[in-house]
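Everything below concerns the one structure shown next.
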Amino acid sequence: MVLANANLADGTRVDVRIAGQRISAVQPADGAALVDTCHLDLDGALLLPGLVDGHLHLDKTLLGLPFQPHPPGEGVAQRIAAEKTLRRDLPLPVEERASKLVRQIASYGTTSIRTHVDIDTEVGLAGLHALLRLREKVRHFLEIQIVAFPQSGVISHPGAADLLDQAIRDGADLVGGLDPAGIDGDIAGQLDTIFAIAELHGVGVDVHLHDPGSLGCFELRQISQRTIAAGLERCVAVSHAFALGEVDEREFERTAEMLARAGVAIMTSAPGPVAMPPVKRLCAAGVTVFGGSDNIRDAWSPYGNGDMLERATLIGYRQGFLADEDLALALNLVTEAPASVLRLDDYALKAGAWADLVAVPVATVPEAVADHPPRMLVMKRGHIIARDGKLL
Ligand SMILES: [Zn+2]
C-alpha cells in the first residue's frame, strides 16, 4: 500500500510505499500514488516513526476499575506500602488491566514499550507471567520489553535477588533496581547483586533512582563504573535521576561525563514538582536521554494516559523548550532515543525499516509536540491498527 502526501519531519512531502511489514520506498510525492488502487491520502499530515514509551508499569495500572481514591502521602517507602495494601484486593487481574492499557497506548501511536513489572516475595513472578502471556497476545500491534523490577528492594527484601534471577530465566528482558541507598541502604550490595544477574544472563539493567543530590550522583557514577566493568555499555538505563538536576555544575559535569563514557541512558517522565535531569545539558555531554510515561492511573498517580506525544509536550514544557529545534529534541525523546535504548532494529522512517508509523494532522514537528493532536493513523509492521484514535 502507499501512504500518499505525507509530510516528513524535514518538511518534504513524500509517498511512503509499504510492502509486507516494511517500508519499501520513500519517494517525493508527485501525484502518481493517488491513482494507485491501494493508497491512503494523508493530505499533508505529519508522518512519524511509531512512538516508543521507554518506561511504564503495565502491571500497576488500575484501568478497567472505577477511579480509585488516592490518599495523601509522601515518600517512596510509604507509597510502596500503600500500593501493597491496595493490590491485595484488586477485583481485576493484572492481565485484564494491562490489556486495557496496551490498547489505549497503541491507539495513541505507541508501537514499542519497555515496561517494568513488580517482583517481590508477595507477588512473586505472577505479574511477570501475566505480562509474558499478554506480550504474546498483543505482539501484532505492540512490541513489549520487560524489566524485572524489585519494587520492595533487593538487599532489604530477602528472597528478591533469587526472584530477579528466576524472572530473567522465565523471560524478563532486563534486571531492574531501586534506590540502592534510599531503599536498601546498601549501594554496593544492591548494585553488585543486580549487575551480577545481568552479567550472568547477558541482559541489560534499568534502575529507578529517586535518591537526591550528591548521593544520587554518586550512585550514577557507581552504576557507570559497574556498567563498564561488566561490558554492558549502552545496555544500562537509569530512570528519573532527579539528582542530576540538583547538584552544582562541577558534580553534574563529572557525573554526565561518566554516564556518557559508560553509555548509561537517562529516562525522564517529567514528573512535578521535583528536580529534573537537564535534558539539553545531558545531550550536549553525550548522554542519551529518553522519555517514558511511568505511572498511568495507578496507586502512585491518578494522572497519565500513555500518550507519548503528550509526554513530549510535558517534558518540553518543564524544560522550557520553546525553539523549534528544542521541540524536535522533545520528539526525539519519544521516538529515536528510546528506540536506541530499547535496541529496536530497523527503526526509522526510511526504505527497509519496519513499517511502524503514526500520522498526526499537523504539518510540522513543533506543532505536533506543542499540540499533541489526535492520531489519524497508526501502523504496526505494515498493518493499520488504529484510525482516528480508535484501535481497529
Ligand atoms: Zn517507574
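Near HIS210, the amide H atoms lying under 5 Å from its own belong to ASP179; only residues 5 or more places off or on other chains count, and H is placed 1.01 Å from N. For LYS350, the lysines whose Cα comes closer than 25 Å to its Cα, not counting residues fewer than 8 places off in the same chain, are LYS380.
Sequentially through region 155-170, phi angles give Karplus couplings (6.51, -1.76, 1.60; θ = phi - 60°) of 6, 7, 10, x, x, 5, 4, 5, 5, 4, 4, 5, 4, 5, 4, 7 Hz, Gly and Pro residues having no value and appearing as x.
Highest mean first, the peptides 73-80, 58-65 sorted by other C-beta atoms within 10 Å per residue fall in the order 58-65, 73-80. For PHE67 and THR37, a Förster radius of 56 Å and the Cβ-Cβ distance give a FRET efficiency of 0.75, rounded to the nearest 0.05. The alpha carbon gyration tensor of region 315-392 gives principal lengths a ≥ b ≥ c with a/c of 1.5 or higher and a/b no greater than b/c, which makes the shape oblate. Counting charges near ASP53 (Lys, Arg +1; Asp, Glu -1) among other residues having Cβ under 12 Å from its Cβ returns a value of -2. In a reduced charge model with +1 at each Lys and Arg Cβ and -1 at each Asp and Glu Cβ, region 62-166 shows a dipole moment near 420 debye about its Cα centre. For region 185-240, the alpha-carbon coordinates run over 31, 21, 16 Å along the three principal axes, in decreasing order. Sorting 31-40, 376-385, 114-123 by average packing, meaning the other beta carbons within 10 Å per residue, from highest down gives 114-123, 376-385, 31-40.
Converting phi to 3J(HN,Hα) with the Karplus coefficients 6.51, -1.76 and 1.60 and the offset θ = phi - 60°, region 2-14 yields 10, 8, 8, 6, 8, 8, 8, 4, 7, x, 6, 9, 9 Hz in sequence order, with x at every glycine or proline. How much net charge surrounds ARG114 when only other residues with a Cβ under 10 Å from its Cβ are counted (Lys, Arg +1; Asp, Glu -1)? Here the charged neighbours net out to -4. Helix content alone sets the calculated 222 nm mean residue ellipticity of the chain: runs of n ≥ 4 DSSP H residues at -39500 (n - 2.57) each, divided across all residues, give -10500 deg cm²/dmol. Between ALA351 and VAL26, the built amide H atoms are under 5 Å apart, and every one of these is 5 or more places off in sequence or on another chain. Compute the Cα gyration tensor for region 15-110, then decide on rounded, prolate or oblate, letting a ≥ b ≥ c be the square roots of its eigenvalues: rounded whenever a/c is under 1.5, prolate when a/b is larger than b/c in the other cases, and oblate in all that remain. It is prolate, given that a/c is not under 1.5 and a/b is the larger ratio. The amide H of ILE296, built 1.01 Å from its N in the peptide plane, has HIS57 as neighbours under 5 Å, considering only residues 5 or more places off or on other chains.
Please report the net charge: other residues with Cβ closer than 13 Å to the Cβ of GLU325, K and R +1, D and E -1. Result for the neighbourhood of GLU325: -2.
Under 18 Å from the Cα of LYS60, which aspartates and glutamates turn up, not counting those fewer than eight places away in the same chain? Output for LYS60: GLU83, ASP89, GLU95, GLU96, ASP118, ASP120, GLU122, ASP206, ASP294, ASP298, ASP307.
Per the Debye formula on identical point scatterers at the alpha carbon atoms of the chain, with no solvent, log10 I(q)/I(0) at q = 0.08, 0.12, 0.15 Å⁻¹ is -0.40, -0.90, -1.36.
Of the chymotrypsin sites (Phe, Trp or Tyr not before Pro) in region 278-320, the ones in a loop by DSSP (not H, G, I, E or B) with at most 15 other beta carbons within 10 Å are TYR303. 3J(HN,Hα) couplings calculated from phi for region 50-64 with the Karplus curve 6.51 cos²θ - 1.76 cosθ + 1.60 (θ = phi - 60°) are, in sequence order, x, 6, 10, 9, x, 6, 8, 10, 4, 6, 8, 4, 10, 4, x Hz; Gly and Pro show x.
Since every read-out is calculated from the coordinates, none of them should be taken as a lab result. Since we're looking at a predicted model, the values are computed, not measured. Glycine gets a Cβ as well: all are built from the backbone with ideal geometry, and neighbour counts include every protein chain shown.
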